[in-house]
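Each remark here refers to the structure printed beneath this line.
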Amino acid sequence: MDEERSENGFENVVSMRGITKRFPGVLANDKVDFDLRKGEVHALLGENGAGKSTLMNVLAGLYRPEEGTIRLHGKVVEFGSPREAIEEGIGMVHQHFMLVPSQSVTENILLGLKEPRFRMQLPKYNQIIGEMAGKFGLHVDPAAKVWQLSVGEQQRVEILKMLYRGADVLIMDEPTAVLAPTEISELFNTLRSMTEQGKSVVFISHKLHEVMDISDRVTVLRKGKVTSSGLNTGDVTRADLAHLMVGRDVVFQVEKSEAHAGDMVLSVEELEAKNDKGLPALNGISLNVRQGEIVGLAGVAGNGQKELAETLAGLRPVTKGRILVNNQDVTNKPVKLGIRHGISLIPADRTQVGTAPNLSVTDNVIMKNYDQAPIGSNGLLNMSEAENYAEDLKLAFDIMVPTIDTSVRLLSGGNLQKVILAREISSEPKLMIAVQPTRGLDVGAIEGVQKLLLAQRNAGAAILLISEELEELLSLSDRIYVIYEGEIMGEIRDNDINKIGMMMTGTRLEQIEGEGVARNE
Amino acid sequence: MSKVEVKESARGLAFPYRIKFEDRVENPPRWLSPLLSIVAVVIALLLGALVIKIAGGQPWAVYNHIAKYSFGSLGVISDTMVKATPLILVGLACSIAFRMKLWNIGAEGQFFLGAFGASMVVLLPVLPEDAPKWLFISTMAVFGMLFGALWGFIPGLLKARYNVNEIISTLMMNYIAIEWNNYFIYAVWTDKGFQMSRMFQRNAWLPRLSDFAKRWKVFSGLTTHMGLLFAIGAAIILWFILAKTQWGYEIRLIGDNPRAAEYAGVKIGRNIVLVMMVSGALAGLAGMSEISGVVHRLQGAISPGYGYTGIIIAWLAKLNPLAVILASILFGALILAGREVQPSGIPTLIQGVIMVSLIASDFFLRKRVRVIRRVEE
């Protein structure tokens with residue numbers, strides 16, 4: 001074994017040198033060096049589009065670099081496919097899982113392997129995989145069908161798949177994006193037990209606190225280049241990393257002026273609606289939003305936030321109650337009428353609802369005003385006006401695309417959100433409903449989105465911000481409602497996190513205050 | 001470690017280049033899509049040649065023959081155009097529906113219903129026998145389109161209201177349409193017991209080029225009829241609707257992402273019904289034009305599967321109404337030549353291979369092909 005040892009005596013499992021990878025019009029990786037030591041969790045930090053996933057896709061055999069070499073245990077290797085990479089012990093768990101829902105965990109893991117050959121011998125393999133799972137704390141029933149599993153469990157299956165194929169180096173691409181908080185801590189335990197058993201982990205993320213929690217070392221990428229390589233996580237602060245990542249100091253607290261709340265814009269009275277399964281989702285919601293204020297709606301996911309946003313936009317029928325916008329009744333009115341009344345919705349799901357993926361940027365930005373002059377008149381569509389409009393928005397909102405004819409499915413998450421924001425903000429809405437507007441975006445993009453929302457508020461729009469990120473709600477909102485099982489638990493004006501936490505788990509504000517009074521007496 | 005070395009030595013013997021498919025990270029160039037259509041046709045012709053060769057024929061001679069009998073003289077060009085006329089209309093019918101990802105494969109049935117509606121004007125009769133020609137033709141066209149639209153409306157409504165799969169419903173309705181026609185030609189409008197109606201009187205015929213032979217000699221014997229003008233006009237109107245109107249934009253938006261369209265306030269159900277009706281009306285007009293321009297009576301064998309050929313034409317034209325005209329002329333020639341080179345079945349084979357190649361070629365719109373030189377260690 002010709003092991004390469006770095007200067008200070010650590011064993012480098014992987015060392016990548018001078019990796020350059022180009023995509024048309026983009027230099028995704030520019031002479032990137034990266035070392036991975038045996039038994040460490042190495043975080044790869046960077047904004048969306050910084051080249052983290054590209055670099056690791058090169059290591060995992062998905063892409064071929066134009067320049068540079070990869071050494072595995074000191075020996076130069078070159079992978080033509082992910083299969084060749086996993087044969088050498090490098091496995092990657094992607095953001096999007098590749099599992100067959102109707103098959104069991106074991107079947108999914110064995111899929112595509114040479115053994116077992118013909119007879120599946122499932123009980124035997126169930127046991128082998130069960131033991132392997134136990135060894136790394138990956139709790140999942142090998143006989144369960146994949147469709148019955150939670151997202152966190154499915155991720156464990158993907159990890160097991162790689163371990164079963166003999167991965168010594170595990171690359172995790174934004175593994176926490178899909179997980180609930182408890183699942184995240186379980187994942188971290190698994191990663192630790194893996195490194196204790198001599199495996200090495202690359203942890204791709206743009207979430208600073210997670211990087212601080214889990215990693216031994218950090219490499220930071222910005223715009224395809226390494227800004228800092230192999231720092232010991234213990235020696236740096238969150239602020240240091242944020243600076244390295246975006247190239248400037250990030251203001252974690254958004255600067256916000258005093259709210260000047262004006263006339264009532266949105267007034268919801270005793271609203272009731274059903275969810276997709278026909279079960280009650282909203283049980284008598286009453287709330288209001290005034291001009292020039294951001295009103296937050298806090299709550300654990302799945303307590304009726306999605307349904308509320310959809311009923312307000314006219315996408316879901318109201319079964320009881322009223323919605324008033326500028327004193328006009330828009331309850332159960334067509335979506336288009338809502339748009340004409342100045343209701344704008346930034347949907348949580350950018351690709352499934354917010355955009356048409358195969359259509360161009362132009363076609364996507366005119367979605368709300370294609371029938372309004374100057375783009376639309378007398379039933380006709382003026383494409384040159386539409387293109388001018390798209391060019392203007394591309395400049396104003398700094399949308400990074402080669403041309404406005406590009407299909408939006410080719411855009412990164414942050415750019416896609418810019419397309420949606422550009423469209424919604426430029427319609428000068430009176431009421432803006434923003435659902436999870438910063439989810440999945442990197443630090444720089446989040447700041448940009450938040451600034452845009454504040455600018456809208458200051459310009460006099462009424463904004464209902466529906467988010468699961470408490471930090472974001474606290475820093476942006478002028479007051480916060482808390483929703484629980486389709487009911488409003490109360491309204492908070494003093495950013496009291498303890499109260500919000502209790503309300504999110506089903507305690508009414510009156511009860512909290514009542515108890516407080518009782519205790520004082 | 002040893003595993004690595006084995007692989008490397010194996011690699012040393014391998015061909016120094018390899019082909020890799022990568023996901024496209026930007027839009028494919030504009031010329032690629034039409035190029036793929038042309039390549040599909042070329043592949044089909046080459047495969048056809050191979051089959052002819054295996055069967056002991058002379059491919060070159062056969063193709064020469066096909067070309068001669070579809071484009072070789074003014075007379076056969078005119079015949080090709082006659083075949084292309086209904087194909088353009090059904091090709092357009094499929095194109096507009098497919099743009100919205102509505103898989104209307106009922107153009108065949110809508111064609112028969114259109115033929116029925118047009119015949120009704122003469123046979124019921126809707127108009128007195130001696131009504132003027134312009135009145136007959138315009139009424140027949142309207143009736144043809146109405147009945148075709150009705151045959152699109154039913155599956156459209158079922159889809160919009162109850163989400164009934166339009167592939168199944170339109171296909172089933174093809175059989176109903178054909179049997180419906182059969183009932184009338186066997187029982188109601190039968191001509192002396194034959195399975196066809198009586199010949200239409202002359203003022204219910206679409207004008208043909210040969211009608212003007214007295215004034216212009218070159219037109220004598222040319223059967224190209226006014227249906228071709230209907231077809232080309234329809235293609236231009238449809239192109240305009242899809243490219244230049246708000247409705248065209250709505251169709252594009254629904255076709256790509258119905259949920260986004262709903263979110264933008266576009267009424268999806270109404271558009272499904274509307275597009276199915278327009279699609280049906282176009283196929284119905286094809287039926288009318290065939291009845292009034294070529295057959296001049298209602299009978300059973302009025303379509304050699306035009307409605308299904310329209311599906312292939314729509315794909316070959318990449319759903320572009322103007323390209324539908326070109327694709328239809330090619331297919332018109334193939335149908336015409338089919339008679340010339342029967343019973344070899346080569347033209348049908350070519351149609352089939354074109355369809356398969358087209359579906360396969362979508363791969364190249366999504367992926368990029370790269371030839372990579374293997375790096376020597």
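All of the numbers you see were taken from the coordinates with simple rules; none came from a lab. In this text, all values refer to a predicted model and were calculated from it rather than measured experimentally. With ideal geometry, Cβ positions are generated from the backbone for all residues, glycine too; neighbour counts draw on all protein chains shown.
Points worth noting:
- Dipole in debye (nearest 20) - the protein assembly as shown, about Cα centre, beta carbon charges: Lys, Arg +1; Asp, Glu -1: 4100
- Helix B:306-316 vs. chain B, principal-axis angle (Cα, 0 to 90°, nearest 10): 40
- Among A:D276, B:D191, sorting on how many other beta-carbon atoms sit within 10 Å of each Cβ, with the fewest leading, yields A:D276, B:D191.
- The protein assembly as shown: antiparallel DSSP beta bridges as a percent of all, rounded to 5: 60
- Chain B: angle of helix B:227-244 to the longest principal axis, Cα-based, in degrees nearest 10: 50
- Only lysine pairs 8 or more places apart or on separate chains count here, and in the range B:87-316 those with Cα atoms under 24 Å apart total 7.
- From most to least packed by mean Cβ count within 10 Å, the peptides B:79-86, A:438-445, B:51-58 give B:79-86, A:438-445, B:51-58.
- Hits among lysines - C-alpha to C-alpha of A:K114 under 28 Å, sequence gap 8 or more where chains match: A:K75, A:K124, A:K135, A:K145, A:K161, A:K199, B:K3, B:K7, B:K20
- Computed E for B:R370/A:F97 - FRET, C-beta separation, R0 22 angstrom, nearest 0.05: 0.20
- For A:K256, a cut-off of 17 angstrom between C-alpha atoms picks up these aspartates and glutamates, skipping any fewer than 8 places away in its own chain: A:E293, A:E447, A:E471, A:E472, A:D478, A:D494.
- At least 15 Å along the helix axis (C-alpha) and Kyte average at least -1.0, DSSP helices within chain A: A:122-135, A:151-164, A:181-196, A:383-396, A:413-426, A:443-458, A:509-520
- Residue pairs exceeding 20 angstrom between C-alpha atoms, taken from A:K223/B:K367; A:K368/A:K394; A:K274/A:K306: A:K223/B:K367.
- In terms of its C-alpha gyration tensor, the range B:183-283 comes out oblate, because a/c is 1.5 or above while a/b does not outweigh b/c.
- Using a Förster distance of 45 Å, the FRET efficiency for B:I19-B:K133 (Cβ separation, nearest 0.05): 0.15
- Cα long-axis angle, helix B:268-290 against chain B (0 to 90 degrees, to the nearest 10): 60
- Estimated [θ] at 222 nm from DSSP helical runs (n ≥ 4, -39500 (n - 2.57)) normalised by residues in the protein assembly as shown, nearest 500: -15000 deg cm²/dmol
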